[in-house]
Amino acid sequence: MTLNKYAVTFALGSMTLLTLGATSARAQSHVNSPAPWLGTPDVATEQSHIGGITGNAKDGKKLYRRFCIGCHGPDGDGEGMNAQWIDPKPRDFTEATFKCRSTPTGTLPTDEDLFNAITRGFVTTNMPSWRPLSPSQRADLVAFVKTWSPRWSKEKPGTPLNIPPETPITIDSILRGRAMFQKLECWKCHGPQGHGDGPSASTLTDDKGNPIRPYNFSTGERFMCGDTNQDLYRIFMTGLDGSPMPSFADVVKPDEAWDLVHFLRTLQPLPTQEASLWKTYMVTHGKDITPIGPDAGAAAQ
Amino acid sequence: MRLKYFVALAFVIIVSAAMVVFAQPPAGSGSITGKVTYTGTPMKMKPIDMSKEPSCAKQHATPLLTQNVTTGPGNSLEWVIVYISAGDQGSGAPSQAVRYDQKGCEYTPHILPMEADQQLMIYNDDQTSHNIHPLAKINQEWNKSQPPGSPPIDTKWEKPEFIPVKCNIHPWMHGYFVVLKTPHYATTGSDGTFEIKGLSPGKYTVTAWQEQYGTKTQEVTIAGSEAKTANFVFTATPY
């Protein structure tokens, strides 16, 4: 009996010690990496600037450990305890590759881009909106996220894309956009009707080799990087780095980009001006329209 | 008096250091030739189904084969990059550009070696859009659309790296940019042979890199304008 009691006490005691040990080891690894000798930005001094708000990494670190560590992990590499259950995977901040940017492909995003991402969340993933945190807390998190990669101390963010005023929404604009959707092979992944079921859709992987789905317009879901026409313009012009979605900024002119935006809206089951124009047009011209797909491409050549 | 010695000594040290730094080694005439082969059973080269892209499929009289492991007669390995990985002084990027083509939904050449900071021009010769997506880890990854008839992408890589390249629209398209810090490199031909020329006398580490099997290295010492031989054997795996 007494022996049993001793055994239980001993077991409980050692478990407590082990847990404490593991926790402090984790905290240690978090403190020690990122490695300062690699030129990684300093947690004590790294800042972010969003409008009039300045974020500080050392405050962001506390918030990160409370709210972000579960998925993004103690080392910022997206290997948190929850990561194994999550698809798409949490962002690996050590690579400093980000999908939602206003900056050209291959460049760092601006502080505002990261702030907007934290604020908005990613509707198609497990990343929630962090609007419940105050703007200055979100700015602190931006500053801390930038301490995970030495790129932030060596490079500047790219120059944000200039988005000119939207062109008028007309049926001609929609039709031109439709031709772009065919010509640029958007349908190869997003599907001829934008259902995310194009011939290459099932083969797509992200830069870590994990399967990834193209956006399905027929769901009417918000886009990953915002829900306005400007957001849509920016998404395909800058591309989603780390994913199969390329940048079209070098090959699509601003007017053409707006045409494409207007067409893409017709693929969504939303009460937009584009959708209603298209619906009316299809009543009278539906049978004259060549369906998007390989045959339309062959007809054009 | 002491000071004078010091100054003289410092002068000698600086001059000799400068001689070491600025002395241009004469363009060498030594060379390393060899053959790259495998033992074991390599993965099969399988025909690629391009039926989803008819404009490309019709450019290949016989279907293109997968190139991850390209084998030839006598167990030879094609598309192996053999380069000087140590013992070579970097000479700065050459002024001429290297060219990478997308033709018939195939990357030509399959593996493109170049020097860091060397100009790289990427062309789309097809009638279909490609997206060119170098999955760089040390350099920065990017991903750009290149529709038919668009101008070449003019770019470069700053740091040495083996960068896989893919087209997400045409998932069978797969190649590599091999960014090196030496001008002395060669790609093995269909018979597995290579020749690295223009080597000045010295002790070199020669590395052979195969995309599936990784690297093998050898030490080679060249005296005068010797022609040395260095053969490499990779152990093949069937998957």
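Since every read-out is calculated from the coordinates, none of them should be taken as a lab result. This structure is a prediction, so every number in the text was calculated from the model and none was measured. With ideal geometry, Cβ positions are generated from the backbone for all residues, glycine too; neighbour counts draw on all protein chains shown.
The residue list B:ALA93, B:GLY189, B:ILE153 was ranked by how far each Cα lies along the charge dipole of chain B toward its positive end, using unit charges on Cβ atoms, and B:ALA93 comes out on top. Here A:VAL283, B:VAL206 are placed in order of increasing Cβ neighbour count within 10 Å, fewest first, which gives A:VAL283, B:VAL206. Rounded to the nearest 20 debye, the dipole size of chain A about its Cα centre is 840 debye, using +1 on the Cβ of Lys and Arg and -1 on the Cβ of Asp and Glu.
Going from the fewest other Cβ atoms within 10 Å to the most, the residues A:LEU141, A:LEU267 appear in the order A:LEU267, A:LEU141.
Note on the protein assembly as shown: dipole from Cβ charges, positive end direction compared against A:PRO244, A:ALA296, A:MET127; the farthest Cα belongs to A:MET127. Computed about its Cα centre, the charge dipole of the range A:38-154 is approximately 220 debye, with only Lys, Arg, Asp and Glu carrying charge at their Cβ.
Please state the shape class of the range A:38-154: rounded when a/c is under 1.5, otherwise prolate if a/b exceeds b/c and oblate if not, all from the C-alpha gyration tensor. Judged from the Cα gyration tensor, the range A:38-154 comes out rounded (a/c under 1.5).
Who wins for biggest fluctuation among A:PRO90, A:PRO132, A:PRO211 in a Gaussian network model of chain A, springs between alpha carbons below 10 Å? Sorting by GNM fluctuation, first place goes to A:PRO132.
Cβ distances below 4.7 Å define possible disulfide partners, and in chain A the cysteines left without one are A:CYS68, A:CYS71, A:CYS186, A:CYS189.
Only one residue of B:THR217, B:CYS56, A:GLN230 has its Cα farthest out toward the positive end of the dipole of the protein assembly as shown, where Lys and Arg carry +1 and Asp and Glu -1 on Cβ, and that residue is B:THR217. Screening chain A for DSSP H helices whose Cα atoms reach 24 Å or more along their own axis and whose mean Kyte hydropathy is at least 0.0 gives A:2-32. With contacts taken as Cα pairs under 8 Å and at least 6 residues apart, the range A:171-300 reaches a relative contact order of 30 percent. As a proxy for reagent exposure, ranking B:HIS60, B:HIS133, B:HIS174 by other Cβ atoms within 10 Å from fewest up yields B:HIS60, B:HIS174, B:HIS133. What aspartates and glutamates could a cross-link reach from B:LYS216, if we take a straight Cα to Cα line under 17 Å and drop same-chain neighbours fewer than 8 places away? Reachable aspartates and glutamates: B:GLU78, B:GLU161, B:GLU195.
Measuring against 26 Å, Cα to Cα, the residue pairs B:LYS46/B:LYS137; B:LYS46/B:LYS181; A:LYS99/B:LYS156 contain B:LYS46/B:LYS137; B:LYS46/B:LYS181 as the ones spanning a longer distance.
Placing one equal scatterer on every Cα of chain A and applying the Debye formula, the log10 ratio I(q)/I(0) at q = 0.06 Å⁻¹ is -0.27. Under the rule a/c < 1.5 gives rounded, and otherwise a/b versus b/c splits prolate from oblate, where does the range B:41-85 land using the Cα gyration tensor? It comes out prolate by the Cα gyration axes. What you get for the protein assembly as shown, charging only the Cβ of Lys and Arg (+1) and of Asp and Glu (-1), is a dipole of about 1260 debye around the Cα centre. Among the cysteines of chain B, those with no neighbouring cysteine Cβ under 4.7 Å are B:CYS167. For chain B, a Gaussian network of Cα nodes joined below 10 Å ranks B:GLY74, B:GLY30, B:GLY189 by mean-square fluctuation, and the top entry is B:GLY74. Which of B:PRO54, B:PRO160, B:PRO201 moves the most in a Gaussian network model of chain B with Cα springs under 10 Å? Comparing B:PRO54, B:PRO160, B:PRO201 in a Gaussian network model of chain B, the most mobile one is B:PRO54. The convex hull built on the alpha-carbon positions of the protein assembly as shown has an orientation-averaged projected area of 40.0 nm². Please give the helix B:2-22 orientation as an angle from the longest Cα principal axis of chain B, in degrees from 0 to 90, rounded to the nearest 10. With rounding to tens, the tilt is 30 degrees. Put the Cα centre of the range B:117-191 next to the Cα centre of the range A:232-301 and the gap is 28 Å. When you restrict to C-alpha pairs under 8 Å that are six or more residues apart and normalise by the size of chain A, the relative contact order lands at 18 percent.
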